[in-house]
Structure formats: C-alpha cells, structure tokens
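Derivation of every value follows stated rules applied to the coordinates shown; laboratory data play no part. Predicted model, so just to flag it, every value in this text is computed and none were measured. Cβ coordinates were reconstructed from backbone atoms using ideal geometry, including for glycine residues, and neighbour counts include every protein chain displayed.
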Amino acid sequence: MRRILMSISAIGLLCSLAIAQNDKSVKYASTITAQDMRSKLSVLASDDFQGRETGTEGQKKAAEFLAKFYTDLGLTGPVNGSYYQKFNLYQTDWTDVYIKTKKGTQKNGETFVFRGNGDMQKEAKVATVFAGAGDAKDFAGRDLTGKGVIIIPEGNNANDAVGRAKAAGARIVFIASTDDAGFNTRLPRLARFFLKGRMRVEEDRNAEENMLFYITKAMSADLMNSSTAKLDAAMANGTSSSIKEKSVRLMVKKKVNEVATENMMAYLEGTDLKNEVIVISSHYDHIGQNADGTVINNGADDDGSGTTGVMEIAEAFKQAADEGNRPRRSILFLNVTGEEKGLLGSNYYASNPVFPLENTVNNLNIDMIGRVDPDHEKDPNYVYVIGSEKLSSHLKVISEYANITYTGINLDYKYDDPNDTNRFYYRSDHYNFAKHGIPIIFYFNGTHADYHRPTDTIDKIEFELMAKRAQLVFHTAWLLANRDKRTPVDTKDDMTYDRN
Ligand SMILES: [Zn+2]
C-alpha cells in the first residue's frame, strides 16, 4: 500500500524538481576536482598526521589544518566564533592494579592481566582458595562468599567455571593458565587490549565489582604457597579443597584519564530559510600509529576521502554564495573526531548541538569514497547509498534526481537490506543524527583489503571517481538546501533507529 503512495508522491516530487531545476549548481560542482582533492588529501593522509588517532598530536594537527582551511575560505566559526567544538572523552586506565606475591609486587600487564571493574580505596587482603578446574564438584558444599578463588579451567570451560565461582559467592576469580609459556607470549597483546578501557563520552562511574585476573599457573602456586605439581595432583585427585586457604594482598584502582579532543565545523548561513540547517559530515580521526611511530595508518580512504570531500563541497558552496547564489537553508560542514572509538564525536555533537536538532533537516555523511571494493572492480562507477529512505521517502527521490541529472553514478542500495549483517546504517556518524529522527544519507565505497590497515594510503585513491562522488553529495545538498519544503519524516513506521 505504502509503496504505491510513495511512487505517486515520488513522481510529483520529480516534476516539481524538474521545474525548479537550477543548473547554476553545475558550475560550482565543477570546482570539485580530482586535482584539488589530491592536494588536500596528500596533507590529511600524510605521515606527519600520524594516523589522526583521537586525542593525539596527529589528530590536533589535522584539526588545525581544517581550521586554517575554513579560515582562509572565509566561512563562519559557529562555536562562539570558533571552528573547534572542544570536549573531553574519558578512558578508564587499569595501570594501578597489582597483586603481591612472594616474588614482590606484580603489576597489571607485566605478569598478569586484570579484566573487569572495581575501585578499591586501599589495598585489600582477600582470603583465597583453590578450586581446581572449576568444575561443579570443586564448589560442592563450599561457601566462598567474599573470597578469592583460583581456577585452572581446561579447554573452553573458563566462562562456566567463572560462573560457578561467582555463584558460590566469590568476589575475585583468578583464572590460571594451563600453558604458562603460551600465556606469557600472548600477554603483551592482551595487556594492550585490557590496560585501557574504551573511550567514552561520559565518565564511567559504575563501581559494581567484577574482578577477573588472568594469571600463570606458576603464580597461582605462589599465591597458594604451594607448587604447580601439588596443584596438578589435587586437581587429578579431585581434592582441590585440600589446598589450604591463603590470604592474598592486591589492589584494583580505577583511574579515569581525560582525553581532550575536538569536532571541527564551519557554517554557511542561508537566506530566507536560514534557520534550517543541512549538515554535511565526515570523520577526520583515524586509528593512529604503533607505539614507536614506525607503522602509520594514514587512513587515506577512511576517512581522509570523506573529509576532503566535505572541504571541497564547502569551497563550492562558498564560491556560490560569494557570487550571489547563497543557499536558502544554512549549511554546517562538520568534521567529527572519535568516530573510530565508537562514533563519539558525532554522539557528542548530537547531545550538544550547535544548531537545534529540530531545525537540522538532513545529514549527508561521507565515510570512505576514494576506493573501489572487490564487488565493483569491473564497474567502478558506483557508490553505496545507505539509509536514504529510512526516514523520508522524499530524500531518496531527491538523491536519485541529483544523480540522474548531474552525475550518473550507479547507486548501489545493497546495504539498505535490513537483513544485511554489516549493519552499516548504524556504523558511521550519520546514525547519531538518524537516531534523533533526522533523515540522512550515508555515502560509502564499501570495505577493501586495506580497510583499517597501514596500507590505506593515498596512492590507492581513485581521485576522478572520488570527485564525482563528492559532486553527487554537492548536488544533493544543493537541492535539499534550496527546495521550498524540508524533507518530511514520513516513513516513521519503518523506524528502527531507536536501537542502542
Ligand atoms: Zn574506520
């Protein structure tokens, strides 16, 4: 039923667009060139920017580069005159976690790994028992309330064994390895992963304890003032409870580091509909470099390409405005930080919008438009268009109209399939607008072998194609900015955006 209604309204919309067609946009779209894109991206994706990881010097350099670009272009800084929306992210740090053994104070990440949550005021002294492999028989009849429990689970039984220990009342579970040499080899990688928590927009004040320590079997023997041979024998005989309880001194102190970062944005005021804003976005952060700076993830495609696209589109709109063709609606050019950490910059923006979200009519988000994915090697003139009809049937029609009239790219809607397991609709910054009911389009070239690898470099970028894709975004934005009515949210019954 709705399909028929949609197609009738789509025909009407196409007619009205055809009448209102303003080919001035062609002139300005032609300023978006492969050559200009190459010169901008060669800065953004240079080694000097160190992979632009959120909070690092490289990200700050990229922010400065954007600020200088918008200043030179003469666009307005909308954050009290600035292009920077500065804020802090929060990252939990578990370096103040230790266990005391006979060999001395063992630090988290050096000889063991802590995983979970907790925040002690002072060093704890915890009565600790041995519970063998952590099988049901190891816990039979034992009340371990508030105690530490050492288990040496075999195979894939660790989760079940931890569950049994907790069910028996354990406060802390030590999970000992059956293969200490293997454990010590894996330790540095595990430590990198667990010493610092995920960055968050809000401070994690959850104090609920859940304390797991991954240790060697040798350390468990040390803590029990026993030997690995004795522990093995007790396990083999099913007499784990015969190993005497010992008290273990340890500390779990949660530190929260603040990571200062910034969204970047520039504003072009519209004319008669200037209170309504169209956001054209990309993320300018990426995943950074290794500890000594010898391996850099330049992120040329992800998302140097989208950021370059937003810059070029900003230039085109500014030139139009300077020549008397200012858009009716206002446009916000937004380059967010923290995308690779979990869409944090756009999340922050959506919670602290510089322009009211109820007046934010659309978001066109560009995340990776410089490459060709394996499915399109034979026909590279394509772009994935994602989410264009999720909230507004009109938006997809306008997008198609822009493409048919001006750019002639094959628009691939494969990822709009609700059964697609990639769930790209939820995986870039537009989602933080969509979840507030703002119709969005996400432009994307798909993933490739260099995705999130140091090989995502500028030499692999297809600049002609990238320029054409950015021109499509420009023409679509031009139509959206200049039509009489904003795109209505008319497909709300399809709404799946209030997840998370
Ligand atoms: Zn990425």
Worksheet entry | Loop sites in the stretch 24-111: trypsin sites (Lys or Arg not before Pro), DSSP, at most 13 other Cβ within 10 Å | Lys102, Lys103
Discussion item. Using Cα-Cα distances under 8 Å and only pairs 6 or more residues apart, what relative contact order does the stretch 95-253 have, in percent?
Written reply: 39
Worksheet item: What dipole magnitude, in Debye to the nearest 20, does the chain give about its Cα centre under +1 on Lys/Arg Cβ and -1 on Asp/Glu Cβ?
Response: 1800
Fill in: Under the Karplus curve 6.51 cos²θ - 1.76 cosθ + 1.60, θ = phi - 60°, whole-Hz ³J(HN,Hα) for the stretch 254-265, x wherever Gly or Pro sits
8, 9, 10, 8, 8, 10, 7, 8, 8, 7, 10, 7
Worksheet, complete the sentence: Whole-Hz Karplus couplings 3J(HN,Hα) for the stretch 117-128, θ = phi - 60° and coefficients 6.51, -1.76, 1.60, Gly and Pro as x, run 8, x, 7, 8, 6, 8, 3, 9, 10, 10, 5, 10
Worksheet item: Given labels modelled 7 Å from the Cα in the Cβ direction, how far is it in nm from Thr33 to Asp459?
Response: 2.5
Worksheet item: Alpha carbon centre of the stretch 417-439 versus the stretch 112-165: separation in Å?
Response: 40
Practice prompt. Multiply the residue separation of Glu110 and Asp143 by 0.36 nm, subtract the distance between their alpha-carbon atoms, and state the gained length in nm to one decimal.
Written response: 8.7 nm
Worksheet item: By DSSP, what percent of the beta bridges with both residues in the chain are antiparallel, rounded to the nearest 5?
Response: 55
Worksheet item: Within the chain, which DSSP H helices have Cα atoms that stretch 18 Å or more along the helix axis and a mean Kyte-Doolittle hydropathy of at least 1.0?
Response: 2-20
Fill in: Cβ-based net charge around Ile32, under 15 Å, with every Lys or Arg adding one and every Asp or Glu removing one
+2
Fill in: Proximal charge balance of Gly169 [Cβ under 13 Å; K/R count +1, D/E count -1]
+3
Worksheet entry | Given Lys68/Lys341; Lys24/Lys396; Lys107/Lys253; Lys40/Lys468, the pairs whose alpha carbons are separated by over 19 Å | Lys68/Lys341; Lys24/Lys396
Response to the item:
Going through Lys254/Lys390; Lys166/Lys217; Lys390/Lys460 one by one, the pairs whose alpha carbons sit over 30 Å apart turn out to be Lys254/Lys390; Lys390/Lys460
Worksheet item: Using θ = phi - 60° and the Karplus curve 6.51 cos²θ - 1.76 cosθ + 1.60, what whole-Hz ³J(HN,Hα) does each residue of the stretch 105-113 get, with Gly and Pro shown as x?
Response: 7, 9, 9, 4, x, 9, 10, 8, 10
Fill in: Under-5 Å amide H pairs with Val259, H placed in peptide plane, nonlocal only
Leu89, Tyr90, Gln91
Response to the item:
Summing -39500 (n - 2.57) over every DSSP H run of at least 4 residues in the chain and dividing by its residue count gives a helix-only mean residue ellipticity at 222 nm, to the nearest 500 deg cm²/dmol, of -9500 deg cm²/dmol
Worksheet, complete the sentence: Residues whose built amide H sits under 5 Å from the amide H of Val126, excluding neighbours closer than 5 in sequence, are Val248, Arg249, Leu250
Fill in: the chain, relative contact order [Cα under 8 Å, separation at least 6], %
20
